[in-house]
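The values are calculated or read from the model by the stated rules, or taken from the named source; none is laboratory data. What you are looking at is a predicted structure, and each value in this text was computed from that prediction instead of being measured. Note that each Cβ is placed from the backbone with ideal geometry, even for glycine, and that neighbours are counted across all protein chains shown. What goes into the accessible areas is simple: the full protein's heavy atoms, side chains included, and nothing from ligands, DNA or RNA. Shrake-Rupley method; radii C 1.70, N 1.55, O 1.52, S 1.80 Å.
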Amino acid sequence: MTAALPAVETPAALDELTGLVADGDVLVLSGAGLSTDSGIPDYRGATGSLRRHTPMTWQTFRRDPRGRHRYWARSYVGWPQMAAARPNAGHSAVARLQRAGLLGGVVTQNVDGLHQAAGARDVVELHGGLDRTVCLSCGDVASRAELHRRLRAANPAFGPRADEVNPDGDAELPDEVLDGFVMVDCRACGSGPLKPDVVFFGETVPRDRVDTCFRMLEESGSLLVLGSSLTVMSGYRFVLRAAELGIPVGAVNLGPTRGDAKVDVKVDAPLGAVLPELARRCGA
């Protein structure tokens, strides 16, 4: 059942956003706020995990074997919750708008694969995807589900419960339980280390991926930001480019964003309520 649209939301903003989307040729830029209704926490929202915990950084993962071991132990415990997440009403609304011919591609900062699971096409995962792993020695890309099966076989007695799972699938576990965890090597080369195929904090998004997203933006009639605070430049740069090119920008987000001054129309309300209503108004 779709949540009721909050009464505090001004109808004029939603009317204006509807007009922008109804014109078609929209590029979506989505962030963690779109997936919170699927049980995946965000980093920077009112209850975001970044307020309480420091996420894994690329520097720590690359240089600190103990840090990698800790990450994979926590990821092993957190993966089932991530794998079980399902698209919510917001993801479904985006897919419906795309099927109706109003949206072009989707650029997502999320690593959960829920846009694709909802049926969206032409999705660029700006920060990669948790459903894959990559070997830092040989470059082999493999299934995260396959790695989980191998880890389960190597750790039959390792089963601590997670108190909390972060947006990157890294579960919060006390350090004293981590020593019993056994990490496996790359199946292709027998070495490693293995890394989730995601962009960690402090890591650079591949340039060709960024260029692809810029081309998608430049070929679009408008940009629609969904559930992103735009705090990090990896997403904010697309709002800046849209402003430079005179491309209208709409946004749906609960709370302020870094790009509010450059957004042409913003609806400040829960995405699970706004997006299904937006799709309905646009005939999707």
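Segment 61-144 holds helices (runs of 4 or more DSSP H) entirely within its bounds, and those carrying 3 or more residues that are of a type outside the set (A, V, I, L, M) and within 26 Å of LEU29 (Cβ to Cβ) map to 89-99. Listed by first and then second residue, the pairs with beta-carbon distance under 7 Å, at least 6 apart or on different chains, first residue in segment 270-284 and in contact (Cβ under 8 Å) with a residue 12 or more places away in the chain and hydrophobic (A, V, I, L, M, F, W, C), second open to solvent by less than 10 Å² (accessible area, probe 1.4 Å) and outside any helix (DSSP H, G or I), are LEU271/LEU226; LEU271/GLY227; LEU271/VAL252; VAL274/VAL252; VAL274/VAL267; LEU275/VAL252.
A quick yes/no check of all residues on (1) surrounded by fewer than 17 Cβ atoms within 10 Å (Cβ to Cβ); (2) of a type in the set (Gly, Ala, Ser); (3) modelled with pLDDT of 60 or more:
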| position | (1), (2), (3) |
| --- | --- |
| LEU136 | yes, no, yes |
| ASP140 | yes, no, yes |
| ALA145 | yes, yes, yes |
| VAL165 | no, no, no |
| ASP168 | no, no, no |
| GLU172 | yes, no, yes |
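If I filter segment 80-96 down to residues being touching a His at 6+ places or on another chain (Cβ under 8 Å) and either at positive phi or of a type in the set (A, V, I, L, M) (or both), which single residue comes out as surrounded by the most Cβ atoms within 10 Å (Cβ to Cβ)? Filtering segment 80-96 for residues that are touching a His at 6+ places or on another chain (Cβ under 8 Å) and either at positive phi or of a type in the set (A, V, I, L, M) (or both), the one surrounded by the most Cβ atoms within 10 Å (Cβ to Cβ) comes out as VAL94. No other residue among VAL225, VAL252, VAL265 is touching a residue at least 40 places away in the same chain (Cβ under 8 Å), over 20 Å from the mean Cα position of the chain (by Cα) and within 20 Å of VAL26 (Cβ to Cβ) apart from VAL265. Return the only residue of ARG99, ARG51 being open to solvent by 10 Å² or more (accessible area, probe 1.4 Å), out of contact with any strand residue (DSSP E or B) (no Cβ under 9 Å at 6 or more places or on another chain) and at pLDDT 90 or above. Sole residue among the options that is open to solvent by 10 Å² or more (accessible area, probe 1.4 Å), out of contact with any strand residue (DSSP E or B) (no Cβ under 9 Å at 6 or more places or on another chain) and at pLDDT 90 or above: ARG99.
Scanning segment 263-283 for residues that are of a type in the set (A, V, I, L, M), open to solvent by 10 Å² or more (accessible area, probe 1.4 Å) and either in a helix (DSSP H, G or I) or not assigned by the TED database to the domain that holds LEU240 (or both) yields a single hit, LEU271.
Of the residues GLY159, GLY128, GLY104, only one is modelled with pLDDT under 95 and crowded, with 16+ Cβ neighbours inside 10 Å; which?
GLY104
Scan segment 188-247 for residues that are among the aromatic types (Phe, Trp, Tyr), surrounded by fewer than 19 Cβ atoms within 10 Å (Cβ to Cβ) and in a helix (DSSP H, G or I) and the total you get is 1.
Against the criterion of being in a strand (DSSP E or B), open to solvent by less than 10 Å² (accessible area, probe 1.4 Å) and either modelled with pLDDT of 95 or more or among the basic types (Lys, Arg) (or both), ALA251 qualifies. Would you please list the contacts, defined by Cβ atoms under 8 Å and residues six or more apart or on different chains, that run from a residue in segment 178-201 that is free of Cβ contacts under 8 Å to residues at least 60 places away in the same chain to a residue that is of a type in the set (Phe, Trp, Tyr) and part of a loop (DSSP other than H, G, I, E, B)? From residues that are free of Cβ contacts under 8 Å to residues at least 60 places away in the same chain, the pairs are GLY180/PHE158; VAL182/PHE158.
Under the condition of being open to solvent by less than 30 Å² (accessible area, probe 1.4 Å) and modelled with pLDDT under 95, the residues counted in segment 19-41 number 1.
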